[in-house]
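The structure appears right after this line, and notes come after that.
The values are calculated or read from the model by the stated rules, or taken from the named source; none is laboratory data. All of these numbers come straight from a predicted model, not from anything done at the bench. Cβ placement follows ideal geometry from the backbone for every residue including glycine, while neighbour counts extend to all protein chains displayed. In case anyone asks, the SASA skips ligands and DNA or RNA and just uses the protein heavy atoms, side chains included. Shrake-Rupley method; radii C 1.70, N 1.55, O 1.52, S 1.80 Å.
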Amino acid sequence: MNQAADVVVWADGGARGNPGPAGYGAVVATTDGQVLAEEAEGIGWATNNVAEYRGVIAGLRRAKELGARRVRVRADSLLVVNQQKGLWKVKNAALRPLSEEAGRLARGFERVTWEHVPRERNRHADALANRAMDAQGRVGRPRQGAPDPEQLRLP
């Protein structure tokens, strides 16, 4: 996969209600914009930040499967980007395993560059995340006090 040794992962996640019904979208593209893969999944009841991380993880996994060596991750989540750059601490315990998984995947490439982009520049991944949320149908709120298995399970 010579032409795609360098790829861009566009990632987004969202939750309607925060927490609420959630999903993510990720696009893996060449540096000149050719789409190589799209990933999207409704993930049940979760927070926006959990969904954002799930999108990044899905995009990094797909980039690895495609043989990418250098990745530029573009996401509109300042929290995810700055945590992965090491500028912000991961204070939320539910995000820690997701942050660690994203970091582990990133270390599997020659180079990963993290870039925060405005939401308007991330429309493709955003559309995938919204489509995934729509496609999963109605998602019930977890019982009070019960941990959400989706937030505890690594993707």
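Over all distinct Cα-Cα pairs of region 1-139, the Kirkwood formula returns a hydrodynamic radius of 14.5 Å. Pairwise inverse Cα distances across region 38-105, averaged and inverted, put the Kirkwood hydrodynamic radius at 12.5 Å.
In loop segments of region 1-93 as defined by DSSP, the trypsin sites (Lys or Arg not before Pro) with at most 10 further C-beta atoms inside 10 Å of their C-beta are K89, K91. Taking the protein heavy atoms of the chain in the context of the full set of protein chains, the accessible area attributed to carbon and sulfur is 46 percent at 1.4 Å.
Across region 1-68, Cα-Cα distances exceeding 14 Å account for 53% of all pairs. The GluC sites (Glu not before Pro) of region 98-148 meeting both criteria, a DSSP state outside H, G, I, E and B (loop) and at most 12 other C-beta atoms within 10 angstrom of the site's C-beta, are E110.
Applying a DSSP loop filter and a limit of 12 other Cβ atoms within 10 Å to the trypsin sites (Lys or Arg not before Pro) in region 92-135 leaves R107. Surface exposure of the chain, expressed per residue as accessible area with a 1.4 Å probe, stands at 52 Å².
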